[in-house]
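Computed from the coordinates by the stated procedures, all read-outs in this text should not be read as laboratory data. Note that the coordinates shown come from a computational prediction; the quantities given were computed from them, not determined experimentally. Because the Cβ atoms are built from the backbone with ideal geometry, glycine has one as well, and the counts that use them run over all protein chains shown.
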Amino acid sequence: MTEPAEHACTGCGLLQPGRVHDHRLSRLKDLPFGERPLVVWWRKRRFRCAGQACSRVFTEVHESIGARRRLTARLRSKLERSVSASVRSCADVAREYGVSDWSVNQALVERAIGLDAAGAPMPAVTRLGLDETRTRSVRWFRDEHQAWRRSNPWMTSFVDLDCGHPCWLLGLAAGRSGAVVVAWLETLPQEWRDQVEVVALDPSAPFAAAIRRALPNATIVVDHFHLVRLGNQAVTEVRQRASRERHTRRGRKIDPVWAHRGLLLRAGNRLGPRALAKLVTVLERDDPTNEIGAAWGCKERLRQLLAAPADRATIRDRLWAFYDACATADMPETSRLAATIETWWPEIEAFLMTKITNARTEGGNRMIKQIKRVACGFGNQANYERRILLHIAAKSAA
């Protein structure tokens with residue numbers, strides 16, 4: 001039984017020492033004692049209001065339990081930390097502590113609402129990164145006109161690229177269009193937006209247009225990882241086309257180029273003597289037109305360009321070598337790659353001079369996808385965002 005204390009009437013708010021109406025026995029669940037579960041029995045008092053105009057009967061509330069609760073505050077806090085601080089599902093934590101999945105999720109929701117109510121200001125950011133992740137599989141639905149529409153199962157994350165700042169995830173927005181980026185940035189004060197100096201992103205035209213509109217003074221840099229991926233994609237497309245033209249079929253295990261296709265995608269400067277000799281042998285045996293070898297050379301010239309030091313003379317020489325290799329190859333795949341580099345060259349040059357990458361954003365994407373896999377997907381977008389933000393906050397505070 002709790003100690004006598006004054007309780008405010010839930011009807012009129014009158015503070016009174018209490019006129020005990022009756023008692024109710026409540027069964028509460030608390031943190032386990034070692035490996036043994038702990039159950040708390042609380043003999044709660046019910047009071048009748050002493051006000052003349054109010055005769056409401058209300059139940060006392062303890063600060064460590066709360067109204068209409070069957071779990072103690074420290075158990076709810078433990079449930080929330082068990083999920084947020086590690087990539088575990090609500091069902092896994094619920095089984096460990098003998099509670100329901102709903103109780104664990106409710107603890108997470110209350111914690112997220114508490115953080116939102118605190119209203120912490122957005123930290124100042126000079127380097128901003130953004131990228132998208134798929135939230136769920138594609139879904140179709142009927143709109144108000146009974147026409148089929150495709151849902152947008154994407155989510156854009158905004159990341160602080162300064163590694164000196166611990167809490168790096170700034171926010172999440174549903175969708176991956178330029179309008180989504182502009183809408184999120186416009187919710188922030190103008191003073192915050194004026195401090196952003198560099199924005200790193202993938203070669204995405206909608207994202208770049210949105211940044212130029214919302215952050216006109218920021219420098220846009222393109223992450224080199226996706227450019228290398230475009231070079232590897234060009235090599236793959238040339239290999240597939242050359243194999244179809246030569247063998248009138250898809251590549252098979254008996255074809256040296258198909259069997260060693262992974263060797264074509266590796267960085268040339270990281271190939272050892274044996275791997276390099278193997279690559280030369282494969283191209284001599286299964287590339288009579290030298291198209292695959294020419295595409296591999298263009299890809300390597302691109303890698304050398306992206307690895308160039310922040311020296312404009314060196315960058316200019318390697319850029320010319322890349323364009324010359326693409327012009328000599330004279331293939332649709334390599335010409336398209338050269339056109340992409342030409343289109344994004346101002347942003348690529350900014351990357352070469354600043355060396356700012358979107359790696360921290362990609363690391364956040366890996367964490368976001370891991371949370372989704374453990375939970376086997378989320379049907380509620382709000383709960384998905386809460387899980388992500390709480391996990392990032394817990395990892396940053398650790």
Report summary line: Amide H proximity to Leu38 below 5 Å, modelled H, separation 5+ or other chain, gives Asp30, Phe33
Report summary line: Measuring from its Cα centre, the stretch 232-350 shows a charge dipole (+1 at each Lys and Arg Cβ, -1 at each Asp and Glu Cβ) which, in debye to the nearest 20, is 720
Query raised in the report: Among 145-158, 324-337, what's the highest-first ranking by average C-beta atoms within 10 angstrom per residue?
Result: 324-337, 145-158
Query raised in the report: Relative to the longest principal Cα axis of the chain, at what angle does helix 332-343 sit, 0 to 90 degrees, rounded to 10?
Result: 60
Report summary line: Per the C-alpha gyration tensor (a ≥ b ≥ c, the square roots of its eigenvalues), the stretch 111-185 is rounded if a/c is under 1.5, else prolate if a/b beats b/c, else oblate; here it's prolate
**Report entry** Counted charge near Thr126, where neighbours are those whose Cβ lies closer than 11 Å (Asp, Glu -1; Lys, Arg +1)
**Finding:** -3
Requested in this report: Write out the trypsin sites (Lys or Arg not before Pro) in the stretch 349-398 meeting two conditions: DSSP loop, and at most 12 other Cβ atoms within 10 Å of their Cβ.
Outcome: Lys355
Report task. Could you pull out every residue, at least 5 positions away or on a different chain, whose amide H is within less than 5 Å of the one on Ile220? Hs are placed 1.01 Å off N in the peptide plane, and Pro or chain starts have none. Result -> Val199
Report summary line: With the label point 7 Å along the Cα-to-beta-carbon line of Asp22 and a cut-off under 14 Å to each amide N, the hits in the stretch 57-78 are 57-59
Report summary line: the stretch 79-120, convex hull of Cα, quarter of hull surface, nm² -> 2.8
Query raised in the report: Is the chain rounded, prolate or oblate when judged by the Cα gyration tensor, a ≥ b ≥ c being the square roots of its eigenvalues, rounded requiring a/c under 1.5 and prolate requiring a/b larger than b/c?
Result: prolate
Report summary line: Classified through the alpha carbon gyration tensor (a ≥ b ≥ c as square roots of its eigenvalues; rounded if a/c is under 1.5, else prolate when a/b is larger than b/c, else oblate), the stretch 185-323 comes out prolate
Report summary line: Around Arg76 (Cβ within 9 Å, Cβ-to-Cβ, excluding Arg76; K/R +1, D/E -1) the net charge comes to +2
Query raised in the report: Helix 273-286 versus the longest principal axis of the chain: what is the Cα-based angle in degrees, 0 to 90, to the nearest 10?
Result: 60
**Report entry** 21 Å Cα cut-off, lysine pairs counted over the chain (separation 8 or more, or different chains)
**Finding:** 8
Report task. DSSP loop (so not H, G, I, E, B), at most 11 other Cβ within 10 Å: list which GluC sites (Glu not before Pro) in the stretch 48-154 pass both filters. Result -> Glu63, Glu144
Query - Cα-centred dipole magnitude for the chain, charges only on beta-carbon of K, R (+1) and D, E (-1), debye, nearest 20 - result: 2000
Query - Label-to-label distance, nm, for residues given as Tyr323 and Glu197 (7 Å Cα→Cβ offset) - result: 3.0
Query - Radius 12 Å from Cβ of Gly171, net charge of other residues (Lys, Arg +1; Asp, Glu -1) - result: -3
Requested in this report: Give me the angle, in degrees from 0 to 90, between the Cα long axis of helix 291-306 and the longest principal axis of the Cα atoms of the chain, rounded to the nearest 10.
Outcome: 60
Requested in this report: With unit charges on the beta carbon (Lys/Arg positive, Asp/Glu negative), name the residue among Val109, Pro166, Ala234 whose Cα is farthest towards the positive pole of the charge dipole of the chain.
Outcome: Val109
Query raised in the report: Residues with amide H under 5 Å of Ser26's amide H, sequence separation 5 or more or different chain, H placed in the peptide plane at 1.01 Å from N; which?
Result: Trp42, Arg43, Lys44
Report summary line: Simple spin-label estimate for Asp162/Arg95, 7 Å along Cα→Cβ, in nm, reads 4.4
